[in-house]
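Right, one structure below, let's go through it.
The values are calculated or read from the model by the stated rules, or taken from the named source; none is laboratory data. Here the structure is a predicted model, which is why all the values come from computation and not from measurement. Cβ sites come from the backbone with ideal geometry, for glycine too, and all protein chains shown count toward neighbours.
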């Protein structure tokens, strides 16, 4: 049973390329904007993920659940779960024998996650799979509960990154793992230059064309990635928030990175 809160292979870390540090207006990550933006694109979110990533986002989640696998019977929490793909991946990785909860504060995204949940074949031996509306900066769970706390492409959308990291650590069990899958920028200039051009000039146009929205979600994407810390910079922030044994593994030439840290025992 999940108790409510009393109140509401390691690799060389990447450093941030110089172009990502160029002065630019800070992207708006207010809670109201994030909710509205993802609410507007929820219906085509999965389709565009597969299209714009060439399907490699499925591989990234596979790497996450295999590098940070379930161990034992304690529950798993997936924050900023969106349409629930990583929560579902963890539930299946644990052979549906471990309770998994996905949280998000954008209801239209959760509605799609719950539709996916209903499509799973019912089995009385299955552990629970639940999707709950909640803010990742104030998770509605007591401390020290989850063997794994994960987030895929959602940490950079949290208004206060340190608060989100601290909340994930708070609800993890002592010795538990926190897995963070997030976009980054390639370290090799030969790959980085054309990728950044595509990311800033092509992807927003395709995304806006296929998922029209007033918040320009697919312009927000490259803006938020370019301003968000990654590689050793994010590892250091995690350590400052209390994480130990922090590692960073670049994926697909550094387009994404998987960070894994632990809660001290």
Residue list for the stretch 219-251, filter: surrounded by fewer than 17 Cβ atoms within 10 Å (Cβ to Cβ) and more than 17 Å from the chain's Cα centre (by Cα): 219, 232, 233, 236, 239, 240, 242, 244, 245
Selected residue (only one of 73, 66 is farther than 21 Å from residue 187 by Cβ, under 20 Å from the mean Cα position of the chain (by Cα), at pLDDT 70 or above and surrounded by fewer than 18 Cβ atoms within 10 Å (Cβ to Cβ)): 66
Among residues of the stretch 176-211, those that are farther than 30 Å from residue 246 by Cβ and under 21 Å from the mean Cα position of the chain (by Cα), counted: 3
Which numbered condition residue 49 misses (of (1) in a helix (DSSP H, G or I); (2) closer than 25 Å to residue 247 by Cα; (3) under 15 Å from the mean Cα position of the chain (by Cα)): (2)
Residues within the stretch 46-86 that are under 16 Å from residue 114 (Cβ atoms) and out of contact with any helix residue (DSSP H, G or I) (no Cβ under 7 Å at 6 or more places or on another chain), tallied: 1
Yes/no for residue 78 being outside any loop (DSSP other than H, G, I, E, B) and at pLDDT 95 or above: yes
Which numbered condition residue 151 fails, given (1) surrounded by 14 or more Cβ atoms within 10 Å (Cβ to Cβ); (2) in contact with a helix residue (DSSP H, G or I) (Cβ under 9 Å, 6 or more places away or on another chain); (3) part of a loop (DSSP other than H, G, I, E, B): (3)
Yes/no for residue 205 being modelled with pLDDT under 85, in contact with a helix residue (DSSP H, G or I) (Cβ under 9 Å, 6 or more places away or on another chain), surrounded by fewer than 17 Cβ atoms within 10 Å (Cβ to Cβ) and part of a loop (DSSP other than H, G, I, E, B): no
Output for the stretch 136-148, where each listed residue is farther than 20 Å from residue 72 by Cβ and surrounded by fewer than 21 Cβ atoms within 10 Å (Cβ to Cβ): 137, 138, 140
Selection within the stretch 106-132 - touching a strand residue (DSSP E or B) at 6+ places or on another chain (Cβ under 6 Å) and crowded, with 20+ Cβ neighbours inside 10 Å: 110, 113, 129, 131
Scan of the stretch 88-112 for residues that are under 24 Å from residue 173 (Cβ atoms), in a helix (DSSP H, G or I) and out of contact with any helix residue (DSSP H, G or I) (no Cβ under 7 Å at 6 or more places or on another chain), ordered by number: 91, 92
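Every residue, every condition in (1) at pLDDT 90 or above; (2) surrounded by 17 or more Cβ atoms within 10 Å (Cβ to Cβ); (3) closer than 24 Å to residue 259 by Cα, yes or no:
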position: 134; (1), (2), (3): yes, yes, yes
position: 160; (1), (2), (3): yes, no, yes
position: 188; (1), (2), (3): yes, no, yes
position: 191; (1), (2), (3): yes, no, yes
position: 197; (1), (2), (3): yes, no, no
Flag for residue 19 being assigned to a helix (DSSP H, G or I), more than 16 Å from residue 155 (Cα to Cα) and modelled with pLDDT under 95: yes
